[in-house]
Amino acid sequence: GMYERDVTMMPNGKEIYYSISTFGYNLIYFTKEVDGRWSDPQPAEFISDFDYMYYEPHITYDGKKMLFLSTLIDSDSVKNDQDIWAVNKVGESWSKPYNLGEPINTDGGEFYPSTTKEGTLYFTRQEKNSRSSFIYKSEFINGNYFTPVKLDSNINFGANRYNAYVNYGEDFMIIPAAGMADSYGGTDYYISFNEEGKWSKPLNM
């Protein structure tokens, strides 16, 4: 009776986090491998209030940070606003969640974070009062995210696109998109390759 998606794991492959939707809740769950067996799934330890959405987890290459979508409220957000939040790994535990803030988050919706080895962040943004979503890129330099850049039509193609995944090496990106002429119906998965810093034309997978 549950709906699972958005799998991510720690670098050692022994700790898995994923999204679960059930009975009106949207939460991040996790399981650990101990002595060859996976533990019973439990809500992530940093979840303090089940009334908010915690979704689309992504663990960075070094395993020191997890980014995720949340509707948590802080001084810079409003009710039901979807922003990208983060927790840091501190020993064996995760820190208290914090909002990435500007320039990543806006009064629109930001979600589905994906990062490279260097920390460059790819994510989806849906501007306020818009029904269309677009993929953005923000470089991470000296501990700061730079102003996000909306990617070109080799990534932002079709009638709508969202939840793009980039591999840690930034060699390829997988983009779910709708409204393409070669679609098999509904949303299809496309792949684009990084060719000397430019993304290739998307191929239907």
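Shape analysis of segment 156-205 places it in the prolate category; the axes a ≥ b ≥ c from the Cα gyration tensor give an a/c of at least 1.5, with a/b above b/c.
Solvent exposure of the chain, expressed per residue, is 55 Å² of accessible area, with all protein chains present and a 1.4 angstrom probe.
Spin-label model, Asp107 to Ala178: label points 7 Å out along the Cα-to-beta-carbon direction sit 2.6 nm apart.
By the rule of a C-alpha distance below 20 Å, with chain neighbours fewer than 8 residues away ignored, the aspartates and glutamates paired with Lys117 are Asp6, Glu15, Glu56, Asp62, Glu139, Glu170, Asp171, Glu195, Glu196. A simple spin-label model places the labels of Asp35 and Lys150 5.6 nm from each other, with each point 7 Å out along Cα-to-Cβ. Ranking Pro43, Gly24, Thr60 by how far each Cα lies toward the positive end of the dipole of segment 1-76 (charges on Cβ) leaves Thr60 at the top.
Just so you know, the Rg over Rh for the chain is 0.96, from Cα atoms, with Rh as the Kirkwood radius.
Computed on segment 57-152, the Cα convex hull volume stands at 98 Å³ per residue. Using a 1.4 Å probe on the protein chains only, how many percent of the accessible area of the chain belongs to carbon and sulfur? Looking at the chain in its full context, I get 49 percent from C and S.
The calculated FRET efficiency for the pair Asp74 and Gln42, based on their C-beta separation and a Förster distance of 41 Å, comes to about 0.95. Largest accessible area first, the residues Glu33, Glu4 order themselves as Glu4, Glu33 under a 1.4 Å probe with ligands, DNA and RNA left out.
The values are calculated or read from the model by the stated rules, or taken from the named source; none is laboratory data. Being a predicted model, the structure only gives us computed values, none of them experimental. Because the Cβ atoms are built from the backbone with ideal geometry, glycine has one as well, and the counts that use them run over all protein chains shown. Heavy atoms of the whole protein, side chains included, go into the accessibility calculation; ligands, DNA and RNA do not. Shrake-Rupley method; radii C 1.70, N 1.55, O 1.52, S 1.80 Å.
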